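Below is one structure; the comments refer to it alone.
Please treat every number below as a calculation from the coordinates, not as lab data. Everything numeric in this text was worked out from a predicted model, so none of it was measured. Cβ atoms come from the backbone with ideal geometry, glycine included; neighbour counts cover every protein chain shown.
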Amino acid sequence: MRLMPFSVTVDREHRLIRIALRGAVSDEALLALSAQVRNDPAMAEGFDVLYDCRGATELTVTGDLIRNMGRRARGDKNRVAFVAATPSAFGLARMYQMVAEAEDRIRIFEDEAPAIAWLMGEPQPE
């Protein structure tokens, strides 16, 4: 069995699904991640989702996959924060956000602290 380049942790106390990407991330890995998260009861319960992309060293993800995932996410209600410190991770997250038509519930951050603060409902600086 191949080790996937992500880890998923469900924080029930804070109603948060934490996803950490690491190493080389491909379409195959994102499809496996999506299936795992969408099948987790926490997703159906409306837990917020934090994607930490800082550990991803290589993103070989196609725009077609991101667009398909974004279209699928249009009906979701969960708030999603991406921590994307590289231009490629930011670009993929932004594409997902736009295709999902969810600028109000999907945000992209450079650092983890403001991402968590937004997910926890803390006021954001303008």
Please work out which residue is nearest to D104 (Cα to Cα), limiting yourself to the range 72-86 and to residues that are out of contact with any helix residue (DSSP H, G or I) (no Cβ under 6 Å at 6 or more places or on another chain) and outside any loop (DSSP other than H, G, I, E, B). V80
Within the range 70-86, residues surrounded by 18 or more Cβ atoms within 10 Å (Cβ to Cβ) and in contact with a Leu (Cβ under 9 Å, 6 or more places away or on another chain) come out as R79, V80, A81, F82, V83, A84
Selection within the range 9-30 - under 16 Å from I116 (Cα atoms) and either of a type in the set (S, T, Y) or assigned to a strand (DSSP E or B) (or both): T9, V10, D11, L16, I17, R18, I19, A20
Residue check: is N68 assigned to a loop (DSSP other than H, G, I, E, B) and among the polar types (S, T, N, Q)? no
Report, ordered by the first and then the second residue, all pairs with beta carbons closer than 7 Å, sequence separation of six or more or different chains, a first member in the range 30-47 that is in contact (Cβ under 8 Å) with a residue 12 or more places away in the chain, and a second member that is among the aromatic types (F, W, Y). L33/F6
Would you tally the residues in the range 37-50 being within 13 Å of the chain's Cα centre (by Cα) and farther than 19 Å from D64 by Cβ? 6
Taking only the range 97-112 into account, find how many residues are in contact with a strand residue (DSSP E or B) (Cβ under 6 Å, 6 or more places away or on another chain), of a type outside the set (S, T, N, Q) and either assigned to a helix (DSSP H, G or I) or touching a residue at least 40 places away in the same chain (Cβ under 8 Å) (or both). 1
Report, by residue number, each residue of the range 31-51 that is loosely packed, with under 12 Cβ neighbours inside 10 Å, out of contact with any helix residue (DSSP H, G or I) (no Cβ under 9 Å at 6 or more places or on another chain) and not in a loop (DSSP other than H, G, I, E, B). A35, P41
